[in-house]
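These notes concern the structure reproduced below.
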Amino acid sequence: MRYLIAAAAISALASCASTPTPVVESESVARGKVFAEANCTSCHTLTNDTAPRADVPSLARAADRFPAAMLAESLEAGIQVGHPKMPVFVFERENIADLVAYMETLRSER
(Lines give C-alpha, C1' and ligand atoms only; values in the text may rest on other atoms or scores of the structure.)
Protein backbone atom coordinates (compact mmCIF):
# COMPACT_ATOMS: atom_id res chain seq x y z
CA MET A 1 0.00 0.00 0.00
CA ARG A 2 2.78 2.42 0.90
CA TYR A 3 4.42 1.64 -2.44
CA LEU A 4 1.23 2.59 -4.31
CA ILE A 5 0.87 5.86 -2.43
CA ALA A 6 4.53 6.73 -2.98
CA ALA A 7 4.28 5.85 -6.67
CA ALA A 8 1.17 8.02 -7.04
CA ALA A 9 2.89 10.93 -5.28
CA ILE A 10 5.98 10.63 -7.48
CA SER A 11 3.80 10.45 -10.58
CA ALA A 12 1.88 13.57 -9.52
CA LEU A 13 5.10 15.48 -8.83
CA ALA A 14 6.57 14.41 -12.16
CA SER A 15 3.51 15.64 -14.04
CA CYS A 16 3.73 19.00 -12.24
CA ALA A 17 7.42 19.32 -13.03
CA SER A 18 6.88 18.67 -16.73
CA THR A 19 4.06 21.23 -16.98
CA PRO A 20 5.53 24.59 -17.97
CA THR A 21 4.95 27.31 -15.44
CA PRO A 22 3.28 30.32 -17.07
CA VAL A 23 5.25 33.54 -16.87
CA VAL A 24 3.36 36.08 -14.81
CA GLU A 25 3.81 39.57 -16.15
CA SER A 26 4.22 42.19 -13.47
CA GLU A 27 2.02 45.27 -13.54
CA SER A 28 5.09 47.42 -14.23
CA VAL A 29 6.05 45.28 -17.24
CA ALA A 30 2.48 45.41 -18.55
CA ARG A 31 2.39 49.21 -18.20
CA GLY A 32 5.80 49.44 -19.86
CA LYS A 33 4.60 47.43 -22.84
CA VAL A 34 1.52 49.65 -23.23
CA PHE A 35 3.74 52.73 -22.95
CA ALA A 36 6.18 51.38 -25.57
CA GLU A 37 3.38 50.49 -27.95
CA ALA A 38 1.84 53.96 -27.59
CA ASN A 39 5.04 56.02 -27.70
CA CYS A 40 7.84 54.08 -29.39
CA THR A 41 6.39 51.96 -32.19
CA SER A 42 6.16 54.79 -34.71
CA CYS A 43 9.92 54.25 -35.16
CA HIS A 44 10.82 51.05 -33.26
CA THR A 45 9.47 47.54 -33.34
CA LEU A 46 9.35 45.74 -30.04
CA THR A 47 11.16 42.50 -30.83
CA ASN A 48 12.71 42.47 -34.30
CA ASP A 49 14.65 44.79 -36.55
CA THR A 50 12.06 45.31 -39.27
CA ALA A 51 11.23 48.76 -37.98
CA PRO A 52 9.19 51.51 -39.63
CA ARG A 53 12.51 53.35 -39.86
CA ALA A 54 15.49 51.35 -41.10
CA ASP A 55 18.00 53.33 -39.04
CA VAL A 56 16.62 52.46 -35.59
CA PRO A 57 16.93 49.24 -33.59
CA SER A 58 14.09 47.27 -32.08
CA LEU A 59 13.52 47.83 -28.37
CA ALA A 60 14.77 44.28 -27.80
CA ARG A 61 18.04 45.10 -29.54
CA ALA A 62 18.35 48.36 -27.59
CA ALA A 63 17.76 46.42 -24.36
CA ASP A 64 20.57 44.04 -25.33
CA ARG A 65 22.92 46.97 -26.07
CA PHE A 66 22.35 49.05 -22.95
CA PRO A 67 22.23 47.98 -19.28
CA ALA A 68 18.95 48.79 -17.53
CA ALA A 69 20.57 51.35 -15.23
CA MET A 70 22.08 53.17 -18.22
CA LEU A 71 18.72 53.25 -20.01
CA ALA A 72 16.96 54.58 -16.93
CA GLU A 73 19.57 57.29 -16.34
CA SER A 74 19.54 58.36 -19.98
CA LEU A 75 15.76 58.55 -20.15
CA GLU A 76 15.57 60.42 -16.85
CA ALA A 77 18.17 62.96 -17.95
CA GLY A 78 16.24 63.55 -21.15
CA ILE A 79 19.22 62.95 -23.40
CA GLN A 80 18.89 61.19 -26.70
CA VAL A 81 19.49 57.46 -26.56
CA GLY A 82 20.00 54.97 -29.31
CA HIS A 83 19.83 56.95 -32.51
CA PRO A 84 20.56 60.57 -33.42
CA LYS A 85 17.10 61.33 -34.81
CA MET A 86 15.24 60.21 -31.69
CA PRO A 87 12.73 62.94 -30.84
CA VAL A 88 12.87 64.74 -27.52
CA PHE A 89 10.47 63.05 -25.16
CA VAL A 90 9.78 63.91 -21.54
CA PHE A 91 9.49 60.79 -19.41
CA GLU A 92 7.80 60.67 -16.06
CA ARG A 93 9.72 58.69 -13.44
CA GLU A 94 7.12 55.90 -13.32
CA ASN A 95 7.12 55.69 -17.14
CA ILE A 96 10.87 55.15 -17.06
CA ALA A 97 10.64 52.37 -14.48
CA ASP A 98 7.84 50.66 -16.40
CA LEU A 99 9.55 50.98 -19.79
CA VAL A 100 12.86 49.68 -18.45
CA ALA A 101 11.06 46.78 -16.71
CA TYR A 102 9.39 45.89 -20.02
CA MET A 103 12.63 46.20 -21.98
CA GLU A 104 14.33 43.86 -19.51
CA THR A 105 11.86 41.17 -20.59
CA LEU A 106 12.96 41.67 -24.21
CA ARG A 107 16.65 40.97 -23.52
CA SER A 108 17.97 37.89 -25.28
CA GLU A 109 20.13 37.03 -22.24
CA ARG A 110 17.60 36.72 -19.42
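The values are calculated or read from the model by the stated rules, or taken from the named source; none is laboratory data. Keep in mind the model is a prediction, meaning the values are calculated, not measured. We place every Cβ from the backbone using ideal geometry, glycine too, and count neighbours over all the protein chains shown.
Worth pointing out:
- In region 33-51 there is at least one residue that is assigned to a loop (DSSP other than H, G, I, E, B), free of Cβ contacts under 8 Å to residues at least 60 places away in the same chain, over 20 Å from A97 (Cα atoms) and in contact with a helix residue (DSSP H, G or I) (Cβ under 8 Å, 6 or more places away or on another chain).
- Top-ranked residue in region 45-61 [being more than 11 Å from the chain's Cα centre (by Cα) and polar (S, T, N, Q); ranked as nearest to V34 (Cα to Cα)]: T45
- Restricting region 48-61 to residues that are surrounded by 12 or more Cβ atoms within 10 Å (Cβ to Cβ) and out of contact with any Cys (no Cβ under 8 Å at 6 or more places or on another chain), the residue that is modelled with the highest pLDDT: A60
- Scanning region 62-101 for residues that are at pLDDT 85 or above and under 14 Å from H44 (Cα atoms), we see that the one that is farthest from the chain's Cα centre (by Cα) is A62.
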